[in-house]
Amino acid sequence: MGEIAGVRGVSGELKLHSWTRPRENILDYPVWTLEIGGTSHERGLVAGGWRGKNLVARLEGVTDRDTAQALVGSRILVARSSMPEPEPESFYWFELQGLSVETLDGTPLGAVAGLIETGANDVLVVRGERERLIPYTPGVHVQSVDLESGRLRVDWDPEF
């Protein structure tokens, strides 16, 4: 869902980098799993909101700058069961990551390594024998997404 990007002030407020749309939607989840350095632990969200240009949060048990600083770099995860179901033919980005990507004739291109938000449309980062950037445009370039089989089929020239 995001990561802890820094601290704000001396009372334990955390600056957030949110991957949700809109960004403040990360504050809709009352329990976060924080993952850093191979360990994870849950923290309850106490409060959050905008402070100028920064999205910030206060978490249970984080009441000073030193405790907050130790959390910088933590990835913020939430239980999938607490997330709303996407609309039909829509997917969360994390569901697409790792899917095998192939052309309509079955030529493998690699796997989805990430996505880039460009404003016009999202872009799949596909890594195989080389990296490809493929617009995530359903019905145009993306022809099908099958989460069960772990496959995404695209109308894309493998030479491009």
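The values are calculated or read from the model by the stated rules, or taken from the named source; none is laboratory data. All figures in this text were calculated on a predicted structure; none of them were measured in a lab. Because the Cβ atoms are built from the backbone with ideal geometry, glycine has one as well, and the counts that use them run over all protein chains shown. Just the protein is used for accessible areas: all its heavy atoms, side chains included, with ligands, DNA and RNA removed. Shrake-Rupley method; radii C 1.70, N 1.55, O 1.52, S 1.80 Å.
Annotations
- Cβ-placed point charges (K, R +1; D, E -1), dipole of the chain about Cα centre in debye, nearest 20: 820 debye
- In a simple Cβ point-charge model (Lys, Arg +1; Asp, Glu -1; nothing else charged), region 55-123 has a dipole of about 400 debye relative to its Cα centre.
- Among 97, 74, 139 the positive-end extreme of the charge dipole of the chain (Cβ point charges): 74
- Heavy-atom accessible area per residue - the chain, 1.4 Å, Å²: 58 Å²
- Exposed-loop-free span, longest in the chain, where trypsin sites (Lys or Arg not before Pro) count as exposed if DSSP calls them loop and at most 15 other C-beta atoms lie within 10 Å: 54-129
- The mean sequence distance of close C-alpha pairs (under 8 Å, at least 6 residues apart), as a share of the length of the chain, puts its relative contact order at 17 percent.
- For the pair region 35-70 and region 124-148, the centres of their Cα atoms are 34 angstrom apart.
- Which label in (1) 13, 45, 33, 9, 0; (2) 10, 38, 31, 14, 7, 1, 0; (3) 10, 34, 26, 21, 9, 1 gives the computed P(r) over Cα pairs in 10 Å bins from 0, in percent: (3)
- Largest GNM mean-square fluctuation across 116, 26, 76, computed for the chain with C-alpha springs under 10 Å, falls on 116.
- When 90, 149, 81 are compared by accessible surface with a 1.4 Å probe, the order from highest to lowest is 81, 149, 90.
- Value of relative contact order over region 1-83, rounded to a whole percent, pairs C-alpha under 8 Å and six or more apart: 40 percent
- The accessible surface of the chain, taken with every protein chain in place and a 1.4 Å probe, is 50 percent carbon and sulfur.
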